[in-house]
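Notes follow once the structure below has been shown.
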Amino acid sequence: MSSRPQVQEFLDKLDELQAIFVLSRRFAPFLDELFDFVQDITVLLEEVNTTIRTRSGHMERATEHLKSVSEATEVATSEILDHSDEVLKDLRSIEDQLSTLEEQFAEEAKADNQVLALLREELGEGHEELLDEVARIQGRKQDLRDEWAAQLQETRDSLSPIRDRMNQIMMSLQVQDVTEQQLSSVNHLIETVRDRIDALLARLGTGQADRSEAPSGEPSRTAAFNMNAEYDRSDDKQRMADDVVAGDGGGAPTGRNSGGGTNGASSQSASSNGASSGASSSNGGGTAASQSDIDDMFDDGGGGSGGGDEGGEAASQEEIDELFQ
Amino acid sequence: MKFLIVDDSPTMLRIIRNALQEIGYDDIVEAEDGEDALEKLEENAPDFVVTDWNMPNMNGVDLTSNIRNHPEYSDLPILMITTRGMKEDVKTAMKAEVNNYIVKPFEPEVLEEKVDSCLEAAA
């Protein structure tokens with residue numbers, strides 16, 4: 001009697017099984033297509049992976065190349081500085097020699113005068129003709145010495161602009177420092193992109209890549225470069241600053257800044273890490289300082305409210321000078 | 001007058017040294033970053049510090065803060081020479097209490113003027 005429900009249950013299971021078979025038959029083509037798709041996409045992903053790895057290798061080479069360029073410019077700049085030092089040393093040596101010659105001329109003139117005086121004293125009257133001749137010869141010698149002295153002065157005068165130009169060449173080599181910072185900035189960017197790609201690849205490969213592994217793109221707080229470094233020798237900013245300063249009349253800085261002169265100022269603000277840590281990171285999106293902004297800052301006692309994010313103009317040297325007066 | 005010049009660029013160290021020598025200051029000690037500068041400060045007791053901003057290990061702003069907190073050298077004149085010419089940069093340097101600020105590239109005359117200005121302020 002109890003086997004009847006069991007038979008019914010068995011028949012129900014068979015119906016379910018049949019339904020599954022029917023369903024499977026309907027989905028079979030779709031599953032085949034899905035399988036083909038996965039196979040295709042796998043190949044494609046492998047190709048993408050290989051390409052990214054290759055590009056990542058290129059980036060590594062690019063950073064190495066930039067570093068070698070940077071090192072080469074450093075070496076070349078050092079060589080130029082060496083040569084400039086040598087030229088300046090030679091110029092100083094020539095100037096010293098000119099001074100020595102001038103001193104010798106003076107000594108010689110003095111000696112000639114002494115000889116003439118001695119002859120006059122020893123020979124006395126009766127030798128006027130001889131003494132006049134000696135005086136005439138010594139006069140010619142003095143003329144020659146004066147002529148040479150004039151030439152020496154001309155030579156000395158011509159050395160001065162050479163020295164000035166050599167100094168200017170040396171000062172122009174500041175471009176190396178600026179270029180170095182620009183290259184470091186580009187290198188940092190490339191390395192950031194490469195690190196991100198590596199993190200992405202790791203995630204694709206293992207599924208374990210941590211988001212925190214990806215770099216932020218911001219240089220570390222100890223970054224030895226300024227992302228916005230530029231070699232700008234124009235005096236446009238200076239003139240602009242002159243106008244602004246003339247309009248503002250300048251502010252009175254406080255604390256230790258030049259012109260303020262109160263040495264007893266507390267250094268509490270300086271000791272706060274907030275000030276320095278904010279400063280330390282290279283500014284990717286800093287706001288250029290205008291003279292009025294800077295003046296406002298000093299009118300506030302140099303504390304700065306941290307505001308002023310409106311777009312301004314870059315601070316020129318003269319504007320900065322004004323802050324410290 | 002003994003100068004301590006701080007810059008991670010050997011080129012800039014030489015340029016600043018030459019410029020200082022041209023205006024008559026020959027007693028110069030060099031440091032390659034802020035940490036090195038603090039050591040040289042103890043060893044050499046300079047009268048004036050000229051520092052870059054962006055340097056590894058310790059930057060110029062942190063160096064300035066450290067000097068300002070130093071029991072012996074807190075009143076040292078400090079001149080910052082940097083490529084950073086933005087408003088926020090100058091603000092930050094001021095907060096750290098640098099005495100004056102020069103934007104690179106600079107001319108020797110500007111350096112002389114700023115050194116004089118710092119010395120006058122400190123006198």
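The values are calculated or read from the model by the stated rules, or taken from the named source; none is laboratory data. Small disclaimer: the values here were computed from a predicted structure and weren't measured. Ideal geometry is used to build each Cβ from the backbone, glycine not excepted, and the neighbour counts take in all protein chains shown.
Inclusion of A:VAL134 among residues that are within 14 Å of chain B (Cβ to nearest Cβ), assigned to a helix (DSSP H, G or I), out of contact with any Pro (no Cβ under 6 Å at 6 or more places or on another chain) and at negative phi is not warranted.
Taken residue by residue, segment B:42-50 has at least one member that is out of contact with any His (no Cβ under 8 Å at 6 or more places or on another chain) and free of Cβ contacts under 8 Å to residues at least 24 places away in the same chain.
For segment B:22-30, the count of residues that are more than 12 Å from the chain's Cα centre (by Cα), at pLDDT 95 or above, assigned to a helix (DSSP H, G or I) and surrounded by fewer than 22 Cβ atoms within 10 Å (Cβ to Cβ) is zero.
For segment A:120-152, a residue qualifies if it is touching a residue at least 24 places away in the same chain (Cβ under 8 Å) and either touching a Ser or Thr at 6+ places or on another chain (Cβ under 7 Å) or within 17 Å of A:LYS110 (Cα to Cα) (or both), and the qualifying residues are A:GLN138, A:LYS141, A:GLN142, A:ARG145, A:TRP148, A:ALA149. Under the condition of being in contact with a strand residue (DSSP E or B) (Cβ under 6 Å, 6 or more places away or on another chain) and either on the phi > 0 side of the Ramachandran plot or small (Gly, Ala, Ser) (or both), the residues counted in segment B:67-116 number 2. The residues in segment B:69-97 that are β-branched (Val, Ile, Thr) and closer than 27 Å to B:GLU43 by Cα can be counted, and the count is 3. The set of residues in segment A:144-195 being acidic (Asp, Glu) and more than 14 Å from chain B (Cβ to nearest Cβ) consists of A:ASP146, A:GLU147, A:GLU154, A:ASP157, A:GLU191, A:ASP195. In segment A:45-60, the count of residues that are exposed (fewer than 13 other Cβ atoms within 10 Å of the Cβ) and at pLDDT 85 or above is zero.
Between B:VAL6, B:VAL50, the distinction of being at pLDDT 95 or above and away from chain A (no Cβ under 13 Å) belongs to B:VAL50 only.
Residues checked against (1) at the interface with chain A (Cβ under 7 Å from one of its Cβ atoms); (2) out of contact with any Asp or Glu (no Cβ under 7 Å at 6 or more places or on another chain); (3) modelled with pLDDT of 90 or more:
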{"residue": "B:MET58", "(1), (2), (3)": "no, no, yes"}
{"residue": "B:ILE67", "(1), (2), (3)": "no, yes, yes"}
{"residue": "B:PRO71", "(1), (2), (3)": "no, yes, yes"}
{"residue": "B:SER74", "(1), (2), (3)": "yes, yes, yes"}
{"residue": "B:LEU79", "(1), (2), (3)": "no, yes, yes"}
{"residue": "B:VAL90", "(1), (2), (3)": "yes, yes, no"}
{"residue": "B:LYS95", "(1), (2), (3)": "yes, yes, no"}
{"residue": "B:ASN100", "(1), (2), (3)": "yes, yes, no"}
{"residue": "B:LYS104", "(1), (2), (3)": "yes, no, no"}
